[in-house]
1. Quick one: putting +1 on the C-beta of Lys and Arg, -1 on the C-beta of Asp and Glu, what dipole do you get for the stretch 25-93 around its Cα centre, in Debye to the nearest 20?
2. With Kirkwood's inverse mean 1/r over C-alpha pairs for Rh, give me the Rg to Rh ratio of the stretch 1-96, two decimals please.
3. Test of understanding: extend the Cα→C-beta vector of Leu228 to 7 Å, then name every residue of the stretch 165-190 with backbone N under 17 Å from that spot.
4. Under the rule of -39500 (n - 2.57) per DSSP H run of 4 or more residues, summed and divided by the residues of the chain, what mean residue ellipticity at 222 nm is obtained, to the nearest 500 deg cm²/dmol?
5. Could you please state, rounded to a whole Å, how far the C-alpha centre of the stretch 116-161 is from the C-alpha centre of the stretch 207-245?
6. Stick to Cα atoms and the Kirkwood definition of Rh, then tell me Rg/Rh for the stretch 195-245.
7. Which shape class applies to the stretch 41-114: rounded if a/c is under 1.5, otherwise prolate when a/b exceeds b/c and oblate if not, where a ≥ b ≥ c are the square roots of the Cα gyration tensor eigenvalues?
8. Cut-off 19 Å, label point 7 angstrom out along Cα-to-Cβ of Ser124: give me the residues of the stretch 151-172 whose amide nitrogen falls inside.
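No lab work stands behind these numbers, since they all come straight from the coordinates. All figures in this text were calculated on a predicted structure; none of them were measured in a lab. So basically every Cβ, Gly included, is an ideal-geometry build from the backbone, and we count neighbours across all protein chains shown.
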Amino acid sequence: MTSDTDFSGKRVLVVGGSSGIGNGIAHAFRHRGARVHVWGTRATAADYAGNEGSDLADLGYTCVDVSDPDLIDEAPSPFEGLDVLVLCQGTVVYRRGEFERQGWDTVMAVNLDSVMDCARKFRSALATTKGSIIIVSSIAGFKANIGNPAYAASKAGAVSLTKTLGQAWAREGIRVNGLAPGLVDTKLTKVTTENPERRAGALASIPQGRLGTPGDMAGAALFLASPLASYVTGHTIVVDGGLSL
């Protein structure tokens, strides 16, 4: 009997799949039989060699600067069709840089504007296959985020966009859902995870007592893309070890 999480023959694109959470999600689909392509920011896949949290073996790769909508429009489609689109792109500006125009614009362009631009680009392909979109936001989208107004606002926007696209495109057969990670040890969270005092404080506030992993996030993504979630539309699953409770 075929498993509900067997993605053999499925075509999956993970935007932001070159490292961290996106990379973990990409390999989770690949391990379950999917053909997986990722978009990243470096010129070639070889430029990620030795980069912690990056493994592009057996993944297709294209460099696409998603902060520029024209480059998204011009990017070649990785497959003739598409079954799953995972939107995991993200950036953050520390040292209160998001309170300034440049920092705000940079974060919003990547974390929110490009999510809509990518979804729009692949809408027709996903309607043809009755496919799935998974938008990766953050628990920061549900609360205040000290020092990072653009990050928090963009993630709140991503949660709302998930609801709105889920409603708008359901009749086309496209299921749009999301997942909101808590504190996951990636390059974006090194400011916390590599600071012993901050790390200890963070762990104390997580009921499960540990940081999340890209694999934890991948489990939720696999569920949302699978037939197990066939009646789930427009919702964002919080995957945070209880941090937001």
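1. Magnitude of the dipole: close to 360 debye.
2. Answer for the stretch 1-96: 1.00.
3. Only 177-180 pass the distance filter.
4. Theoretical 222 nm ellipticity from helices: -11000 deg cm²/dmol.
5. 15
6. 1.11
7. Oblate, since a/c reaches 1.5 and b/c is not below a/b.
8. Residues 169-172 qualify, since their backbone N sits under 19 Å from the label point.
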